[in-house]
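The values are calculated or read from the model by the stated rules, or taken from the named source; none is laboratory data. Model, not experiment: these values are computed from the prediction. Glycine also receives a Cβ, built like all others from the backbone with ideal geometry; neighbour counts cover every protein chain displayed. SASA here: full protein model, heavy atoms, side chains in, ligands and nucleic acids out. Shrake-Rupley method; radii C 1.70, N 1.55, O 1.52, S 1.80 Å.
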Amino acid sequence: SSKQTFYGYPLIHVAFGRDEHNRLRVAKGVIAIGQFAIGLVTIAQFGVGVLFGLGQFMLGLTAIGQFAIAGLFGLGQFATGYIAIGQLALGYYALCQVGYAEHLWSQAVKDPEAIEFFRALLNNVKDFIGL
């Protein structure tokens, strides 16, 4: 745990394994890293990333993971969010193999608005990273 805090939470908290009472350690901080973690930015196997989460099972505003349950943007094998990209996706805009969305681009459904949205999103990402 870092000594720097923000509203009582450590700026960075890393926790793995079990404590002296054989309980699983949970990382809790602004930036939380561990097998189980909760933070504004979280990297964990199971976690809640309020702003962003990266892990196997992740819940947050934006999430990347095998199971990415997000409010705004989810990317993963199973993804939810206003924008969802995954093998199985649920969202307003979804790019997937199979999914449900107002605007869906999948193997079976090719909504023109979804295609335009995701192509523009790809171009914005390319521009942002300089490709």
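Could you give me the ³J(HN,Hα) list for the stretch 101-118, computed from phi with Karplus coefficients 6.51, -1.76, 1.60 and θ = phi - 60°, whole Hz, x at Gly and Pro?
6, 4, 10, 10, 10, 9, 5, 8, 10, 10, 5, x, 5, 5, 4, 4, 4, 6
Would you mind telling me the share, in percent, of accessible area of the chain contributed by carbon and sulfur at probe 1.4 angstrom?
The nonpolar share, carbon plus sulfur, comes to 65 percent.
In whole percent, what relative contact order does the chain give with Cα contacts below 8 Å and a gap of six or more residues?
Taking the mean separation of contacting Cα pairs over the length of the chain, I get 8 percent.
Once you wrap a convex hull around the alpha carbon atoms of the stretch 8-95, what is its projected area averaged over all directions, in nm²?
The Cα convex hull of the stretch 8-95, projected and averaged over all directions, gives 5.3 nm².
Compute the distance from the alpha-carbon center of the stretch 1-54 to that of the stretch 67-107, in whole Å.
27 Å
As a test, work out the antiparallel percent of DSSP beta bridges whose residues both lie in the chain, rounded to the nearest 5.
5 percent
Setting aside same-chain residues fewer than 8 positions from LYS28, which lysines have a Cα under 24 Å from its Cα?
Filter leaves LYS3.
For the chain, with every protein chain kept in place, what is the accessible area per residue (1.4 Å probe, Å²)?
62 Å²
How do the peptides 62-68, 14-20 rank, highest first, by the average count of neighbouring beta carbon atoms within 10 Å per residue?
Per-residue mean Cβ counts within 10 Å order the peptides as 62-68, 14-20.
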